[in-house]
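*Asks:* Quick one: structure below, then a few questions.
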Amino acid sequence: MFQRAFALFQAGQLADAERSFKELLRAHPTHAGALNLLAILTMQTGRLAEAEDYARRALMENPGSDVTLYNYGLILK
C-alpha cells in the first residue's frame with residue numbers, strides 16, 4: 001500500500017497519493033513514512049496547518065528522524 005502511494009506521489013498525482021496515504025493510515029495510523037509524506041504533500045499544496053499535524057504525528061512515531069525534523073522546520077518557517 002505504501003509503495004503504491006509513494007509511486008503516485010513521485011508521479012505528481014497528488015490527489016491520488018493523498019487518498020492512498022490516508023487509506024494506509026486508516027489501517028496503520030502510526031505509519032511514520034505515510035505521515036511524513038502526507039506532511040510534505042500537504043505542505044506542497046499550501047495546507048500548512050494540516051502539514052504541521054502530520055509532521056508532528058510522524059515525529060511522535062520516529063522522534064530521531066532527521067528528515068521529518070527538517071520537513072517540520074520547513075513547515076514552521
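Read-outs: derived from the displayed coordinates by stated rules, not from any lab. Remember, predicted model here, so these are calculated numbers, not experimental data. A quick note on method: Cβ atoms are made from the backbone with ideal geometry, for glycine too, and the neighbour counts reach across all protein chains shown.
*Asks:* Return the calculated 222 nm mean residue ellipticity for the chain, to the nearest 500 deg cm²/dmol, obtained by summing -39500 (n - 2.57) across DSSP H runs with n ≥ 4 and dividing by the residue count.
*Replies:* On the way: 5 runs with 61 residues, N = 77.
Calculated mean residue ellipticity at 222 nm is -24500 deg cm²/dmol.
*Asks:* Right, another one. Run the quick spin-label model on Tyr70 and Lys22: label points 7 Å from Cα toward the beta carbon, then report their separation in nm to one decimal.
*Replies:* Label at Tyr70, label at Lys22, 2.8 nm between them.
*Asks:* Tabulate in residue order the Karplus-calculated ³J(HN,Hα) for the range 64-70, using 6.51 cos²θ - 1.76 cosθ + 1.60 with θ = phi - 60°, rounded to whole Hz; enter x for Gly and Pro.
*Replies:* Here the 3J(HN,Hα) series is x, 6, 4, 5, 5, 4, 4 Hz.
*Asks:* Pull out the extension gain between Ala11 and Ala49, defined as 0.36 nm times the separation in residues minus the alpha carbon to alpha carbon distance; nm, one decimal.
*Replies:* Numbers: separation 38, 0.36 × 38 = 13.68 nm, distance 2.44 nm.
Using 0.36 nm per residue and subtracting the Cα-Cα distance, I get 11.2 nm.
*Asks:* Given axes a ≥ b ≥ c from the Cα gyration tensor, I'd like to know whether the chain is rounded (a/c under 1.5), prolate (a/b larger than b/c) or oblate.
*Replies:* Values: a/c = 1.79, a/b = 1.25, b/c = 1.43.
It comes out oblate by the Cα gyration axes.
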